[in-house]
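Quick notes on the structure that follows.
What follows draws every value from the coordinates through simple rules; no lab data is involved. Predicted model, so just to flag it, every value in this text is computed and none were measured. For neighbour counting, all protein chains shown are included, and Cβ atoms are generated from backbone atoms with ideal geometry for every residue, glycine included.
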Amino acid sequence: MSIPASHRPAREWLLLVIALLIVAGVITPLWQIMGSPESRDELAARWTPERLGRLLLGFEQVLCYVCAVWAILILQSRYREVLRQRRAFGLELLPTEEGARILPEDARPLARKVEQVTAGRPFVLANMIRLGLGKFAISKSATDVAEVVRNQADVELSRLITGMSTVHYLAWAIPAIGFVGTVRGLGGAFGANDPDIAEFTRQAKDQLKIAFDCTLVALVLSLGLMYFVHMVQRAEETLVTDAQQYCQEHLLLRLYDPAAEHAGV
């Protein structure tokens, strides 16, 4: 049985590796030429374990980690659901023999077969087929079935988009929390009022580090999370598209439409 598959995208991970190699091949010699040993030693001395701890373990940073992990767990659950949904393409839901036709009187038995094969488990593909067969049994019109399948695909896609609302909120909340930490750090820097200039400068620098650390961590987490959001959304949209293609090949093109047959005579 042929399983529908969308056009394969470019091998993005391979292209990413090639891009990294190209950039590394250009940057590494320049860095070795222009970067003095003193500057490299300075960089290593600046990022001590204590400095990294302040960068990564602030209050706002921890809140960002909670939001990111929560969102990733939701995305993992949704991606596993996409994999489960794809198992429906391997089930014998419709006749796939060459030249097979579906008559109006075959629609209800096929719909019952779909329910039996799926054993009541919710599948996007099975639901589209079941609704299409139900419409064909009543109207006996392939055009009506195509409209039902298209409308159901829109409904499934809208449901998937709505289900991502929490993840989108978390992806927005992470940079917002980082901005809160930034404001807190800037407020502390400008609010330092120690009469000793050296102590004032030290306090202001510490607060500014808090501000910029929060921003840096939040933006990095947000960039990573948005990539995973994009990947899961694409997997879900591809699932619906492949389900439509399956219905097109194995349902719509095999329907025997008496009205269309008589009109063509």
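Quick look at the numbers
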quantity	calculated
Ranked Ile72, Ile177, Ile161, criterion: other C-beta atoms within 10 Å, fewest first	Ile161, Ile72, Ile177
Under 5 Å, built H, 5+ apart or other chain: amide partners of Ile102	Leu255, Tyr256
Full-extension gain in nm, Leu216 to Phe59, via 0.36 nm per residue minus C-alpha separation	55.1 nm
Ordering of 90-103, 163-176, 124-137 by packing [mean C-beta count within 10 Å, highest first]	124-137, 163-176, 90-103
Label-to-label distance, nm, for residues given as Gln248 and Phe179 (7 Å Cα→Cβ offset)	4.2 nm
